[in-house]
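A short worksheet on the structure shown next.
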Protein chains: 2
Amino acid sequence: MQPLTRQQIHQQISASGLKATSQRIVVFEAMAALHGQHPTAEEVYQHLHAANPSISLGTVYKTLDTFVEAELIRRVLSEEGGKRYDAGMSPHSHIYCSNTKEIIDFEDEELEKLLAAFFSQHRLENFELKGFSVQLTGNKLEPGKQISITRVSK
Amino acid sequence: MQPLTRQQIHQQISASGLKATSQRIVVFEAMAALHGQHPTAEEVYQHLHAANPSISLGTVYKTLDTFVEAELIRRVLSEEGGKRYDAGMSPHSHIYCSNTKEIIDFEDEELEKLLAAFFSQHRLENFELKGFSVQLTGNKLEPGKQISITRVSK
DNA sequence: TTCTTAACTAAGAATAATTCTTAACTAGTA
DNA sequence: TACTAGTTAAGAATTATTCTTAGTTAAGAA
């Protein structure tokens, strides 16, 4: 996917009922650039600070929470106790590596379907389900390399 | 399930290769007592402090992390950015209420089987899978009441 | 275009959460 | 019973996050 233009970002922010300030546009761009990295507020700030030295860390904190509330981005669940954010709004799961502390996006259509089917057959009373994700805990074997999924032939 | 005796706790801690100090036994008991609440270190400290005023908060922090490493307890993922712990070691999932900030245990044998089957048929390259669980995010509709799951007849 | 105003931001203080340091203590073992 | 590696209390230090306030700005109205 190609990056959004500033106009498109402006529009998205406005469409959520928020003022499209220059700070918000920059934070949104940074989140898009850090897609897949699930950054903390501090990391977003580091990323945008060189090009935008006047944007304060406090603003980044506040803006990210504002975006979550407006459902422009999501909070990512975390094992390590910091607040992390995810620009990806399409359904996907996360792998949590206990050793490397990485949080890795994990998209598998079959798994999504399996869960969607399960939760369409089971209703949670008194709960409005917005999304689900699978937490896989374990250790990455070779920290430098990627993790991939393959089907095992029966 | 009935509570473990101090001897049994002592044994479990020793079996993990840790010194079974009185502080660790008390922390373990507190975790068992707070089962289902996914407490923070501070909350564990609050719970045990009245009966054990000499145990320091720092020790509670350290002990909980030691227990996680020894796999006596688990970290629970959090949306809110604090470290939370779970004494329940049997497979179960969690429901995250964004509005009430609750984390609710959710056990469903059918779901566990479904996932176990999926991950036995799909191999993750470069990852040693230790466990999995599902996170459901959304909002509780009536904060006072409970959430329950019901099967929808086709 | 200019005006108006509610919403937003920078800066840094304040608070909360977590880790670190060090000297004293203790469980497990010889 | 003594030894020693591992553990702990206390509080300092660090890190993460929120709050406060005065000034600024986007967006709609005149």
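Could you give me the residue pairs with C-beta distances under 8 Å whose first residue belongs to the stretch A:65-87 and is over 14 Å from residue A:31 (Cα atoms) and within 12 Å of another protein chain (Cβ to nearest Cβ), whose second residue is among the basic types (Lys, Arg) and surrounded by fewer than 15 Cβ atoms within 10 Å (Cβ to Cβ) wherever it lies, and which are 6+ apart or on separate chains?
Listed pairs, sorted by first residue: A:79/A:101; A:80/A:101.
Taking the residues in the stretch B:88-114 that are among the aliphatic types (A, V, I, L, M) and over 23 Å from residue B:140 (Cα atoms) as candidates, determine which candidate is farthest from the other protein chains (Cβ to nearest Cβ). Steps first, answer last, please.
Filtering the stretch B:88-114 for residues among the aliphatic types (A, V, I, L, M) gives B:89, B:95, B:103-104, B:111, B:114.
From what is left, the residues that are over 23 Å from residue B:140 (Cα atoms) are B:89, B:114.
Numbers: B:89: 12, B:114: 6 Å.
Taking the candidates together, the pick is B:89.
When the residues of the stretch A:31-48 are narrowed to those that are away from DNA strand C (no atom under 13 Å from the Cβ) and within 12 Å of residue A:73 (Cβ to Cβ), which ends up surrounded by the most Cβ atoms within 10 Å (Cβ to Cβ)?
Here the residue is A:39.
Quick check on my filter: what residues within the stretch A:52-104 are open to solvent by 50 Å² or more (accessible area, probe 1.4 Å) and away from DNA strand D (no atom under 13 Å from the Cβ)?
Answer for the stretch A:52-104, where residues must be open to solvent by 50 Å² or more (accessible area, probe 1.4 Å) and away from DNA strand D (no atom under 13 Å from the Cβ): A:53, A:71, A:74, A:89, A:90, A:91, A:99, A:102.
Do we have any residue at all in the stretch A:124-134 that's in contact with a strand residue (DSSP E or B) (Cβ under 9 Å, 6 or more places away or on another chain) and not in a strand (DSSP E or B)?
yes
Please identify the pairs in which a residue from the stretch A:30-56 that is outside any loop (DSSP other than H, G, I, E, B) has its Cβ atom under 8 Å from the Cβ atom of a residue that is within 12 Å of DNA strand D (Cβ to nearest atom) and open to solvent by 30 Å² or more (accessible area, probe 1.4 Å), counting only partners at least 6 apart or on another chain.
Partner pairs satisfying both residue conditions: A:41/A:57; A:41/A:61; A:41/A:83; A:42/A:57; A:45/A:57.
Of the residues B:23, B:2, B:7, B:11, which is over 22 Å from residue B:102 (Cα atoms), open to solvent by 60 Å² or more (accessible area, probe 1.4 Å) and within 14 Å of DNA strand D (Cβ to nearest atom)? Even if it seems obvious, please write down each step before you answer.
Details: B:2 fails: within 14 Å of DNA strand D (Cβ to nearest atom); B:7 fails: within 14 Å of DNA strand D (Cβ to nearest atom); B:11 fails: within 14 Å of DNA strand D (Cβ to nearest atom).
Only one candidate qualifies: B:23.
Mind listing whichever residues of the stretch B:109-124 are open to solvent by 60 Å² or more (accessible area, probe 1.4 Å) and modelled with pLDDT of 90 or more? Walk me through it before giving the result.
Kept after step one, since they are open to solvent by 60 Å² or more (accessible area, probe 1.4 Å), are these residues of the stretch B:109-124: B:109-110, B:113, B:120, B:123.
Answer for the stretch B:109-124, where residues must be open to solvent by 60 Å² or more (accessible area, probe 1.4 Å) and modelled with pLDDT of 90 or more: B:109, B:110, B:113, B:120.
The values are calculated or read from the model by the stated rules, or taken from the named source; none is laboratory data. Worth saying up front: this structure is predicted, and the values here are computed from it rather than measured. In this analysis, Cβ positions are derived from the backbone assuming ideal geometry, glycine residues included, and neighbour counts consider all displayed protein chains. Side chains are part of the model used for accessible areas, which takes the heavy atoms of the whole protein and leaves out ligands, DNA and RNA. Shrake-Rupley method; radii C 1.70, N 1.55, O 1.52, S 1.80 Å.
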